[in-house]
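The values are calculated or read from the model by the stated rules, or taken from the named source; none is laboratory data. Just so you know, these numbers come straight off a predicted model, no measurement behind them. Cβ atoms come from the backbone with ideal geometry, glycine included; neighbour counts cover every protein chain shown.
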Amino acid sequence: MTLMPTLAASIDDINRQAVALCSAGRFADALPLVAPFLDDDAQPLDRRADALNIAGCCAFALSRWADAEHYWRQCLLLKPAYADVYASLAALLRSLGRLSAAKSLYRQLVLLRPRDAQAHHHLGNVLYGLGYRGEAEASYRTAIEIRPDYAEAHYGHGIVLRDLRRPQEAEAAYRRALLGLNGFAEVHNNHGSVLVELGRLAEADAAFRQALTLKPQYPEALNNLGGVLKATQRHAEAELACRLALAIRADYAEAHLNLGAVLMELERTDEAVAAYREALVHRADYAEAYYNLGVALFKQERLAEAEQAYRDAIRCQPGFTQAHNNLGCVLRVLDRFSEAVDAFQQARELAPQFPEAHANLANALAQQGRSAEAESAYREALALRADYGDARFGLAVLLLGLGRFDEGWPLYECRYEQPDFVHRKTKAMLSCPQWQGEPLTGKSVLVWQEDGLGDMLQFSRYIAVLKAQGAAHIAFVCVPILHRLMVGVDGVDAVFDHGGGLARAASYDCWTSPLSGPLHLRTTLDTIPRPVQLKLDPALLEQWRPALDALPPGPRIGVVWKGNAKHHNDANRSIPSLATLAPLWRVPGLNFVSLQKGQGEDDARNPPAAQPLLDLGARVTDFADSAAIVAQLDLVICVDTSIGHLAASLGKPCWVMLPERDVDWRWLHARDDSPWYPSTLRLFRRGPGEEWAASVERVRQACVERFGGLL
C-alpha cells in the first residue's frame with residue numbers, strides 16, 4: 001500500500017530534474033529522464049501528463065516537431081484542462097502554418113483562462129492570419145481590456161483596424177503600442193503607413209525616418225518614405241529613397257512601382273515605363289504595375305500597348321475599377337465607342353459610387369449620339385459629386401447642343417472653376433470683378449477673349465447688346481489678328497491686346513467673356529441676337545479686288561479644308577487634304593479661292609493640276625484681310641473653323657462641312673441650318689460611318705443646284 005506514494009515521489013523528482021535541465025538548455029539530456037514514464041500506465045495521470053509536457057518541450061527545442069505534437073496531444077488526453085499545453089501546442093501549430101488547428105487550441109485556452117491576455121492576443125494573431133479580421137479585432141480588444149498596457153496586443157489591434165478601414169482607431173492603437181515597443185522599427189513603419197492614409201504626411205515622414213534610424217537597411221520603410229516624399233512634391237528625394245530600397249532588395253516589386261510613379265511626376269516617362277516593367281518581372285500578376293504602365297503608355301500615345309496593359313491589370317484583378325475606367329478612355333480615343341461604353345459600364349457596376357465612370361460613360365454615349373443616356377449618366381455623376389467640373393461641363397455642352405439654353409448656359413460657366421481651363425486663369429489674374437449680370441448703366445466693361453477666334457466672331461454680337469444695356473465704355477481685349485476687324489464693331493470703344501488689357505483692368509468696373517453674354521442676357525433659341533455687323537475698310541476692299549478680278553468670269557468660292565491644328569478635335573474637324581475637295585472642281589464655271597491659313601497652306605501653294613486655285617490665304621495678315629476677300633466672294637465652303645463665322649457675319653452664304661462625331665455644340669443636333677446665322681449658313685453633316693467624300697459629294701450637288709442656272 002506504500003508503492004504509489006513512493007512512485008509518485010520518484011516521478012516528481014525526475015520531472016523536477018528534467019525541468020532543471022531544460023532551464024539550463026540541456027533538452028537532449030532532459031528527454032531521456034522522462035521517457036520511461038511517458039507510456040507507463042502505472043504512473044499517476046497528473047505526473048505522467050507533466051512528463052509528457054516536458055517531453056513535448058524537449059522535442060520542440062530539438063526541432064522534432066512531430067514528436068512534440070505527439071507528446072502534447074497525449075498529454076491533453078490524460079489532462080484535458082492542461083492550459084499550458086494548449087498554449088504550447090497552439091504555438092507549435094501556428095509556427096508550422098496550421099492555423100485552423102491552432103485556432104481551435106487557442107479557443108480552448110481562452111475558455112480555460114478567460115483572463116489570460118496573452119491567450120486572447122495569440123488567438124487574435126491566428127484569426128488575423130486566417131482572414132477573420134472582425135473576430136481578430138475582438139480578440140485583440142479583449143486582450144487590451146484585460147491588460148491595458150499590452151503593447152503587442154495594441155500593435156496587432158492597429159494592424160487589423162487598418163485592414164478594416166478604421167484608420168483613426170488604428171493610428172491610436174499604434175501610438176499605444178509605441179509606449180512599449182518604441183525600439184521596434186516595424187511598429188514605426190506601420191504607424192507611418194496609417195498616418196499617410198490620414199493625410200498626416202509630416203508625421204508619417206517622421207515615423208518612417210525613425211524606423212530607418214532603428215533599422216537602416218529597411219527597404220519597406222525606405223519605399224514608404226519615398227511615397228511620402230512624392231506626395232509632398234519632394235521628387236528628387238523620393239527617387240533616392242526608392243532607389244535605396246532597391247539597392248537593398250533588387251526584386252522589391254513595390255519599390256519599382258513607386259519609383260515609376262515618382263519618375264512620372266518628374267516627366268521621365270520612358271524611365272517610368274521601364275520601372276513598371278521591372279516590377280512585373282518580379283511579380284507577374286501585379287495588377288497595380290500593369291495599371292500604372294497603362295497610364296504611362298497612354299501618356300506616350302502608345303495606345304495599343306496601353307490597352308493591353310489595362311487588360312492585363314483586369315486579368316490579374318477583375319474587380320479593378322480604375323483599370324476598367326482607363327481601358328474605356330483608351331478605347332474612346334481609338335474611336336471604339338461601343339467597347340468604351342462596355343468598359344465604363346463595367347467600372348460603374350463594380351463601383352456605383354465612382355463618379356468618373358458615370359462621367360466617362362456619358363462622354364462616350366454623347367459621342368455615339370445617345371444624348372438621353374448621356375444626360376442621365378452626367379446627372380448620376382453629379383449626384384455623386386456635385387462639384388465635379390468635368391461632368392458639369394460635359395452636361396453643359398450636351399444641353400447647349402440640344403438647344404436647352406436655360407440650363408446649359410448656367411452650367412457652361414463652370415469653365416471658370418476648371419483647373420486645366422484658361423478661363424480659371426483669366427478670373428485669377430484680372431483685378432476688376434467679373435460681371436454677373438447686374439445693371440451696366442454708366443459702367444466700363446472689359447470684354448476679354450479667352451476662347452477661339454470663331455467664338456469671338458460668333459459672340460461679339462453681344463457687345464452691342466451690352467452697350468444697349470447702358471454700358472458707358474466697352475473695351476474688347478483680343479489677339480492682334482482681330483484688332484482691325486473689331487475696332488469698327490458697334491459698341492466697341494477700344495481694342496487692346498491681352499497685355500494692354502491686363503495693364504488697364506483695374507480701371508474698369510467689371511470684365512466678362514463674350515460667351516457669358518447668353519447667360520446674363522437670358523438668350524434662348526428664339527432670342528439670339530443678330531450676328532455682329534462688321535464694317536469693312538473700302539481701301540482694303542480695293543487692295544484685294546485686283547487679285548479677285550483676275551479670275552475668269554463665274555462664281556467665286558472661298559475654300560478652307562483645315563482648321564487650327566491645336567484644336568482638341570482637329571483630327572475630326574479637318575479634311576485630310578485639298579485633293580478630297582476635287583469633286584467640286586467638276587462643276588463647270590466655278591472659281592476657287594483658298595482662304596487657308598496655317599496647316600494646309602502647302603496644298604494651296606501647290607494645288608493638283610486638276611484643281612486650279614487662287615491662293616490668297618498665304619497673303620492674309622489678319623481677319624480684316626480675310627473679311628475684305630470674303631466680302632467679294634459668292635460663297636464660302638469650309639470645315640468648322642473661324643472663316644465660317646466670318647463669312648456668315650458678313651452676310652455671305654457659307655456652307656460648313658461638319659465631322660461625323662464630336663460636332664461642336666453650337667451647331668445643335670440634326671439641323672442643316674443654324675439659328676446663330678439664320679439666313680446665311682448651311683450645314684453639311686457627315687453621317688455615321690461616312691467618309692469626307694460623302695459630304696463633299698453633297699456639297700458638289702448643292703453647287704450644281706445653286707449655280708447650274710448661272711453657268
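General observations
- Residue identified as out of contact with any helix residue (DSSP H, G or I) (no Cβ under 8 Å at 6 or more places or on another chain), aliphatic (A, V, I, L, M) and in the same structural domain as Asp39 (by TED's automatic domain parsing) among Leu111, Leu161, Leu99, Leu105: Leu111
- Pick from the stretch 593-614, criterion modelled with pLDDT of 95 or more and within 20 Å of Leu541 (Cβ to Cβ), ranking: surrounded by the most Cβ atoms within 10 Å (Cβ to Cβ): Leu595
- When residues in the stretch 304-342 are screened for being assigned to a helix (DSSP H, G or I) and closer than 22 Å to Tyr286 by Cβ, 23 of them pass.
- Selection from the stretch 259-301 of residues that are of a type in the set (A, V, I, L, M, F, W, C), in a helix (DSSP H, G or I) and within 22 Å of Glu220 (Cβ to Cβ): Leu259, Ala261, Val262, Leu263, Met264, Ala272, Ala275, Ala279, Leu280, Val281, Ala287, Ala289
- Checked against (1) out of contact with any Phe, Trp or Tyr (no Cβ under 7 Å at 6 or more places or on another chain); (2) under 24 Å from Pro675 (Cα atoms); (3) assigned to a loop (DSSP other than H, G, I, E, B), Asn572 passes all but a single condition, namely (3).
- Of all positions in the stretch 310-326, at least one carries a residue that is surrounded by fewer than 23 Cβ atoms within 10 Å (Cβ to Cβ) and in contact with a His (Cβ under 7 Å, 6 or more places away or on another chain).
- Ala693, sole failed condition from (1) assigned to a loop (DSSP other than H, G, I, E, B); (2) closer than 20 Å to Thr580 by Cα: (1)
- The residue list Asp335, Asp312 contains one member that is modelled with pLDDT under 95 and not assigned by TED's automatic domain parsing to the domain that holds Asn572, which is Asp335.
- Subset of the stretch 235-257 (residues that are in a loop (DSSP other than H, G, I, E, B) and within 17 Å of Asn292 (Cβ to Cβ)): Tyr252
- Tally, over the stretch 1-31, of residues that are of a type in the set (A, V, I, L, M), exposed (fewer than 14 other Cβ atoms within 10 Å of the Cβ) and modelled with pLDDT of 90 or more: 3
Per-residue answers, yes or no, for (1) in a helix (DSSP H, G or I); (2) modelled with pLDDT of 95 or more; (3) β-branched (Val, Ile, Thr); (4) surrounded by fewer than 19 Cβ atoms within 10 Å (Cβ to Cβ):
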| position | (1), (2), (3), (4) |
| --- | --- |
| Val110 | yes, yes, yes, no |
| Pro114 | no, yes, no, yes |
| His121 | yes, yes, no, no |
| Glu135 | yes, yes, no, yes |
| Ser139 | yes, yes, no, no |
| Thr142 | yes, yes, yes, no |
| Val160 | yes, yes, yes, no |
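- Listed conditions (1) farther than 23 Å from Phe459 by Cβ; (2) touching a helix residue (DSSP H, G or I) at 6+ places or on another chain (Cβ under 9 Å); (3) surrounded by fewer than 19 Cβ atoms within 10 Å (Cβ to Cβ) are all met by Asp662, apart from (1).
- Search result, residues across the stretch 307-331 that are of a type outside the set (Val, Ile, Thr) and over 15 Å from the mean Cα position of the chain (by Cα): Glu307, Gln308, Ala309, Arg311, Asp312, Ala313, Arg315, Cys316, Gln317, Pro318, Gly319, Leu331
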